[in-house]
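**Student:** Starting off with a structure, shown below.
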């Protein structure tokens, strides 16, 4: 047939346009998993802040994990230990109330807790000033004795212990905005419990490092990747020969980011940083006058109980966490869901492969935080639990399965799919934008602006995907001698399918961002 179709397919099939879906719809937030007390508080705070409850929750989880800090870690079994630290990212456009939602905890609660921690600091500072001045006086006297001994050809006296200046106290902190490795290491070396890093713009944090290379940016990025595990770290200082030694270099992180900035950050190869975050990217809450007010006092009291969990000491007298084991029933939940996610890794690709790989650790951390969150709010008269129970494990697993993993897929957008499909989506948008009726593989490679489609293999793979989706069809057969042109006919029903998609976006699986 001259048009390239066979007699059995005179009318081409309607093409599938699922590749136009940049973002999947947001999953519903299962507030019931946090118990009645916290669910009620989160919902009320979200209403008062005119923000989605997802943002309030992100602030709560980050703050709670920082308050627990190195006082409690969780261990499903010997050889597997997880700190409580969680990294949360609030994704949304400037008008989505990200900062007000996070502020329900970060602005309204944590400063009060930090002030309570530091109430004795002025006295500590005064005592240090006195001891420091006294040590300098003793050192001056010793220096005089040494000079005289040298003049008299005598052995100089040993420096007395009182001449050693004491370490300057650091004001107790719960939250910081400094992201330099040296500054954070100095804080964590002194504040052994850990803390929360808050960045109002995560793009400056995540995107501020070189993804590759041996420069400072690459080194800092590697250090933050290590911080996820909260292991021992030694940081060399610019102005001192003595390094900073941190026994547990780990902390919680929370911040905001706009969808377009996140899209740029996750566009390249996955080095594991973005998938360490739990993302919250909800639908925008309709604007309206709040009908309730946010009372931060109960939040302060309960998070204060978490902050009051004592640290323990090891055989060397160093601060260390109490390791909370999981009950057998909780372990069974962890094994079940971890096995399911491991099986899904075989067919996953892109950033979702990394997110699935981190899911089991995230589940254990969430289970620990949920166990202690419900304890501090629902059981005020009881001693803190020493195990993570089945209810918390189920809640954490369900939260990962039904909320955070779907949110990761939504946040990553095209970064969550295979490279060939991502390139096919770019090519499909180009075809729609130009109205092409025929595309040539060489022309595709030479067209500027088609990211990732500059080499033959990538183009062939993208074309194969579009052939599979019936966007591209077999080219006309001209039977001319010589090497055949790599031409591909655009399905003439593409315009029809696209018009239907704009009327019914769900037809492409929830497409949201049209070309």
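We did not get these values from a lab; they are worked out from the coordinates using the rules stated. Worth saying up front: this structure is predicted, and the values here are computed from it rather than measured. No Cβ is skipped: glycine too gets one built from the backbone with ideal geometry, and neighbour counts run over all protein chains shown.
**Student:** What FRET efficiency comes out for residue 446 versus residue 232 if R0 is 56 angstrom and r is the Cβ-Cβ distance? Round to the nearest 0.05.
**Tutor:** Once the sixth-power term is evaluated, E becomes 0.60.
**Student:** Next up: Quick check on the exposure proxy: order 451, 445, 263, 289 from fewest to most C-beta atoms within 10 angstrom.
**Tutor:** The order, fewest Cβ neighbours first, is 289, 451, 445, 263.
**Student:** In addition: Could you give the length gained by full extension between residue 37 and residue 50, i.e. 0.36 nm per residue of separation minus their alpha carbon distance, to one decimal place?
**Tutor:** Between residue 37 and residue 50, full extension yields an extra 2.7 nm.
**Student:** At 7 Å along the Cα-to-beta-carbon direction for both residue 328 and residue 112, put a label point, then send me their distance in nm to one decimal.
**Tutor:** Modelled inter-label distance: 4.4 nm.
**Student:** Hey, another quick one. Just want to confirm a number: the relative contact order over the chain, from Cα pairs under 8 angstrom separated by 6+ residues, in percent.
**Tutor:** Relative contact order for the chain comes out at 26 percent.
**Student:** Next question. Computed from the coordinates I sent, Cα Rg over 2.2 N^0.38 Å equals one of (1) 1.23; (2) 1.10; (3) 1.04. Tell me the label.
**Tutor:** (1)
**Student:** Peptides 65-76, 394-405, 291-302: what's the order by average Cβ count within 10 Å, highest mean first?
**Tutor:** Sorting 65-76, 394-405, 291-302 by mean packing, highest first, produces 65-76, 394-405, 291-302.
**Student:** Against the longest principal axis of the chain, how steep is helix 121-151, in degrees 0 to 90 to the nearest 10, with axes from Cα atoms?
**Tutor:** Between helix and principal axis, roughly 60 degrees.
**Student:** Another question about this same structure. Is any residue of segment 306-342 close enough, with backbone N under 16 Å, to a label point placed 7 angstrom from the Cα of residue 167 along the Cα-Cβ axis, and if so, which?
**Tutor:** 313-314, 316-320
**Student:** What does DSSP give for the chain in terms of the percent of beta bridges that are antiparallel, rounded to the nearest 5?
**Tutor:** Antiparallel bridges make up about 35 percent of those DSSP assigns within the chain.
**Student:** I would also like to ask the following. For an R0 of 45 angstrom, estimate the FRET efficiency from the Cβ-Cβ distance between residue 136 and residue 80 and round to the nearest 0.05.
**Tutor:** E(calc), rounded to 0.05, equals 0.35.
**Student:** Still on this structure, please answer the following. Could you check the simple spin-label distance between residue 318 and residue 190, using points 7 Å along Cα→Cβ, in nm with one decimal?
**Tutor:** Distance between label points: 2.0 nm.
**Student:** On to the next question. Taking the mean number of other Cβ atoms within 10 Å as a proxy for protection, how do you rank 44-50, 320-326, 249-255 from highest to lowest?
**Tutor:** In descending order of packing, they fall as 249-255, 44-50, 320-326.
**Student:** Can I ask one more? Need one number: nm distance between label points at residue 180 and residue 437, each 7 Å from Cα along Cα→Cβ, rounded to one decimal.
**Tutor:** If labels sit at residue 180 and residue 437, their model points lie 6.3 nm apart.
**Student:** Residue 455 to residue 222: FRET efficiency via 1/(1 + (r/R0)^6), r the Cβ-Cβ distance, R0 35 Å, to the nearest 0.05?
**Tutor:** It comes out at approximately 0.75.
**Student:** Need the C-alpha centroid separation for segment 295-331 versus segment 154-205, integer Å.
**Tutor:** With segment 295-331 and segment 154-205 each reduced to a Cα centre, they are spaced 22 Å.
**Student:** Another question, then. How do the peptides 90-102, 453-465, 137-149 rank, highest first, by the average count of neighbouring beta carbon atoms within 10 Å per residue?
**Tutor:** My ranking of the peptides, most packed first, is 90-102, 453-465, 137-149.
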